[in-house]
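The values are calculated or read from the model by the stated rules, or taken from the named source; none is laboratory data. Keep in mind that this is a model prediction, so the values were computed, not measured. FYI the Cβ positions are ideal-geometry reconstructions off the backbone, even for glycines, and counts take in every protein chain you see.
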Amino acid sequence: MRGETGRLIHGRYRISSRLGRGGMGNVWLAQDERIGRPVALKEILLTPDGEDLSVQLERAKREAHAAATIDHPGIVEIHDFFLEEEEQQPWIVMEYIKGRTLADLIAERALTERALARIGVHILDALVAVHDRNVVHRDVKPTNIVINEAGEVFLVDFGIAHLGGRTRLTGALVGTADFLSPERVRNGTPGPPADLWSLGITFFTALERRSPFHRANIPATLYAILNEDPPPAGRPGPFADAVALLLHKDPERRMVAAELAPVLGSIVTGRTSPTTSKDVPAAPHPAVPRPASPRPARRGRPEATTPRTDETVRQAAGATVADDAWQLAGVSPQSARDALARMRPKPAARMLLALPEDRAAAVLAVTPSRAAGSLLDELAAVPVRAASILAMLSATLAGRALNYARRPAPATLIAAMPPAEGARIMARTDIHTAAGVITDLNDPSAACRLVDVLPVAQAGNILGYVEPAAIAALLREGTATRAEHLLRALPHSARAQVRRRLSEDAPAGDEDPSRRS
């Protein structure tokens, strides 16, 4: 086994322990020693006695690409993909989600319909985002649904995902037998209805604590999927009715996401469920719950379900705005975005401040980057709360919004975050925005803490657009070793100017800090 505890992979990732096994290999918990964060490291196992190695390698690349193209709170971020040079061993570096799988929860106890519906809302929303990107997951099952310590839900393992428009790698039927749809068993055809079938099997398994078509062997299981009806529901009701429609063997008549969403929403809220009949379209639901935050909240906040109306918010936003926010919180993020778009940035920002942080982040996540940047200009007046909202977005979305914010708002918001969080977002801004953050911080020690979290090469690129005096001040705050590494990463002309500035600014008897041992 190539992955093993204590091994350093790619000169950067130190393996700590094994997390589990995915569709194509082992997943390890590792420490990124360059920036000091835990990551999930997926070791793609190539099998010489199976498909051609070139096919297996191409599938590994596609997994990384499939997940990386989807920016959604329920999809784990992909940090890197590389091949170990000696063995041409492919690895995928992913965001580490500390939590448990739905399979773990099912094994422990029977889940209530409401608890399962809450999980289902998030997974359905993630699948819609997946399908919108012309990707089919093809391996939706309880072990690929992870719930973190804050209760946030993630769809993981795109190892056998299919990208629309791409040539299929082989004719092999890949996936977990119990969760294969009839059309995939029959002719291998992947499509969004196949993922919804697998979601239906997942729901049935969670409700009944058994798989509906599992048999003694795989051929018998596949025969049951094609020819037998699922067992009757042990817990009749709207959830069981929806599962039955998800398990319709004809994909054209199977329940679709737009019909399933209001059913799950009604179960979560406890309202009367809309019809699940395929002959009568499901009624629109005014407030289908969506993932609370557009990126995993890393502070362990409890999920907010209603707007804050305490005195602090009323004083910050105004009583009228806080009252209006009750209405804004009851609609989808897209509808809230459209309402704010009809307002000027300042009152729109005040409205966002009156929402729960996770709800405000959900609205920002679906707001065009230019408009989000204008909102950040105003939100920066309350930097701690605004930074907390911004940190809930994916690094890509947050970085794009900061690119459109006016200086010094990006520096104000980044400074209000922990350095690691700020560096995560700053790494996704353009080079000029990142350099502006360093310049506008006006605090060499704060700039040093931020730069120290970035990879040296990236930090050097950013500092290449910063004035030599500011770089010299920043380097004096760090260690001599780090200073020398950063100097070497600078363009040659900038390096010479910074060295000269360090020598000029050094008190008599002192030497260039980058030359100290």
Which of the residues spanning segment 187-226 are among the charged types (D, E, K, R), in contact with a helix residue (DSSP H, G or I) (Cβ under 7 Å, 6 or more places away or on another chain) and either over 15 Å from Thr143 (Cα atoms) or not assigned by TED's automatic domain parsing to the domain that holds Glu108 (or both)?
Arg215
Can you tell me which residue among Pro418, Pro410 is free of Cβ contacts under 8 Å to residues at least 12 places away in the same chain and out of contact with any strand residue (DSSP E or B) (no Cβ under 9 Å at 6 or more places or on another chain)?
Pro418
Tally the residues that are out of contact with any Phe, Trp or Tyr (no Cβ under 6 Å at 6 or more places or on another chain), surrounded by 15 or more Cβ atoms within 10 Å (Cβ to Cβ) and of a type outside the set (A, V, I, L, M, F, W, C), restricting the search to segment 101-117.
1
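Condition check ((1) more than 26 Å from Leu340 (Cβ to Cβ); (2) surrounded by fewer than 20 Cβ atoms within 10 Å (Cβ to Cβ)) across all residues:
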| site | (1), (2) |
| --- | --- |
| Ser394 | no, no |
| Gly399 | no, no |
| Asp452 | yes, no |
| Ala457 | yes, yes |
Given the condition in a loop (DSSP other than H, G, I, E, B) and among the hydroxyl-bearing types (Ser, Thr, Tyr), answer yes or no: does some residue in segment 440-461 qualify?
no
I need every pair where a residue in segment 202-228 that is basic (Lys, Arg) has its Cβ under 9 Å from the Cβ of a residue that is at pLDDT 95 or above, sequence separation at least 6 or different chains.
Arg210/Phe204
